[in-house]
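**Student:** Before anything else, here's the structure in question.
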Amino acid sequence: MSLEVIRRVNTAVAAEAAEQERRPYVPFNADELDYWPPFPIPNLAYHEPPGWEQTSQTWFVDKSGVGRPDEPALTIDQFKRELRKYVARHPGHGFGIVEEGEFQVYVASFKPVVSPTRKS
């Protein structure tokens, strides 16, 4: 896919994610990752759901299942190992696909945003 096509597809996915009110996937704990696949992380594309803020942490992951460990994109097993460490350090953070190409995805972490309470 060309970069233009990827951007167009991700823009459409973001609109759909907003319409469907998709939220980041939050694992109960790191052990939950042992039950993957299937891959439960929603595709949010450019959509940042209300109450969530994207962090600077992203992972480049092979979604085809045929990637090799020596390639730039993480295999699913490599990603699960990375995510397990992240979940242990950041409980309550969620995850969403923020960009999708033909064979790879970028997964980002999201943290809950606490709204300041209004004083009466």
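**Student:** Quick one: GLY65 ticks every box in (1) on the phi > 0 side of the Ramachandran plot; (2) at pLDDT 85 or above except a single one, so which number is it?
**Tutor:** Condition (2) is where GLY65 drops out.
**Student:** Go through region 11-46 and give me each residue that's surrounded by 14 or more Cβ atoms within 10 Å (Cβ to Cβ), closer than 23 Å to PHE103 by Cα and in contact with a strand residue (DSSP E or B) (Cβ under 6 Å, 6 or more places away or on another chain).
**Tutor:** VAL13, PRO24, TYR25, ILE41, PRO42, ASN43, LEU44
**Student:** Could you check, for region 13-31, whether at least one of its residues is touching a residue at least 24 places away in the same chain (Cβ under 8 Å), polar (S, T, N, Q) and part of a loop (DSSP other than H, G, I, E, B)?
**Tutor:** yes
**Student:** Let me ask something else about it. Can you pull out the residues in region 8-41 that are charged (D, E, K, R) and in contact with a Phe, Trp or Tyr (Cβ under 9 Å, 6 or more places away or on another chain)?
**Tutor:** ARG23, the sole residue that qualifies.
**Student:** While we're on this one: Any residue at all in region 94-102 that's at pLDDT 90 or above and surrounded by fewer than 16 Cβ atoms within 10 Å (Cβ to Cβ)?
**Tutor:** No: region 94-102 contains no residue that is at pLDDT 90 or above and surrounded by fewer than 16 Cβ atoms within 10 Å (Cβ to Cβ).
**Student:** Consider PRO49 carefully, then state whether it is of a type outside the set (Ser, Thr, Tyr), farther than 13 Å from GLN104 by Cα and surrounded by 11 or more Cβ atoms within 10 Å (Cβ to Cβ).
**Tutor:** yes
**Student:** If you go through region 77-93, how many residues are under 24 Å from ALA14 (Cα atoms) and either buried (at least 18 other Cβ atoms within 10 Å of the Cβ) or of a type in the set (Phe, Trp, Tyr) (or both)?
**Tutor:** 3
**Student:** Another question about this same structure. Which of the residues spanning region 103-120 are modelled with pLDDT under 95, polar (S, T, N, Q) and surrounded by 16 or more Cβ atoms within 10 Å (Cβ to Cβ)?
**Tutor:** Within region 103-120, just GLN104 meets the criteria.
The values are calculated or read from the model by the stated rules, or taken from the named source; none is laboratory data. The model shown is predicted, which means the values in this text are computed figures rather than measured ones. Ideal geometry is used to build each Cβ from the backbone, glycine not excepted, and the neighbour counts take in all protein chains shown.
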